[in-house]
């Protein structure tokens, strides 16, 4: 497969066209951003870690019935993915209150929620990815129907059940995570983008230590060491 022209570059990835119109190459970058890219840095090797973590979790989810865009890894920091028309909604699933949820609603940090909370955010950098409800999504034509929005929620909850159980075996609490979806060439909704410590919060179940991008956000430690530990635990549980 041959990499062709650059299709898109975001904060964490470059997306390249290939000689197959139905396949793309996602290249994971070492760049670090936080707070709407107001804080920036770079961690050498971070992109490769996120690529490998995402690949393992995509495989896990596929094995458990969640359709994804993942095809295969072709290098440490590149994966082949199916082309998908991205839905401009970030689906956030929360199990434990922290971050923006505690600021918005005053729920004490670290409070275990009585059920998985699913929220929608409009994926728009200029508007700073605002929180939206179902009606907003329909008014903005971000989804084709109410049933499609319900499908996003259902998939978010199913992914949560699978990942919570998996990370429990890795002695990690899955605090919350952000996922993105797209429609493949047949119009089927598939999980896309990535699942990594850039888009999830992981807390060690024994010590409470954070093993995710919050380390960078709040200057709490070495992000590469944390991501390496997450990958180690994932591969250990998977027996890779």
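Given the options 101, 24, 49, 60, name the one that is touching a strand residue (DSSP E or B) at 6+ places or on another chain (Cβ under 8 Å) and more than 30 Å from residue 136 (Cα to Cα).
Result of the check over 101, 24, 49, 60: 24.
Go through segment 177-195 and give me each residue that's in contact with a helix residue (DSSP H, G or I) (Cβ under 9 Å, 6 or more places away or on another chain) and outside any strand (DSSP E or B).
193, 194, 195
Give the residue, chosen from 71, 91, 80, that is touching a residue at least 12 places away in the same chain (Cβ under 8 Å), in contact with a helix residue (DSSP H, G or I) (Cβ under 9 Å, 6 or more places away or on another chain) and in a strand (DSSP E or B).
Exactly one residue qualifies, and that residue is 91.
I'm trying to understand the selection: among the residues of segment 104-133, which are exposed (fewer than 13 other Cβ atoms within 10 Å of the Cβ) and either closer than 21 Å to residue 215 by Cβ or touching a residue at least 60 places away in the same chain (Cβ under 8 Å) (or both)?
Scanning segment 104-133 gives 109, 125, 128.
Test residue 44 against the stated conditions and say whether it is outside any helix (DSSP H, G or I), surrounded by fewer than 13 Cβ atoms within 10 Å (Cβ to Cβ) and on the phi < 0 side of the Ramachandran plot.
Here the answer is yes, as residue 44 does meet what is asked.
Go over the candidates 61, 57, 49, 101 one by one and state the one that is in the same structural domain as residue 173 (by TED's automatic domain parsing), surrounded by 14 or more Cβ atoms within 10 Å (Cβ to Cβ), outside any strand (DSSP E or B) and modelled with pLDDT of 95 or more.
Being in the same structural domain as residue 173 (by TED's automatic domain parsing), surrounded by 14 or more Cβ atoms within 10 Å (Cβ to Cβ), outside any strand (DSSP E or B) and modelled with pLDDT of 95 or more holds for just one of 61, 57, 49, 101, which is 101.
The values are calculated or read from the model by the stated rules, or taken from the named source; none is laboratory data. Everything numeric in this text was worked out from a predicted model, so none of it was measured. Backbone-built Cβ (ideal geometry, glycine too); neighbour counts: all protein chains shown.
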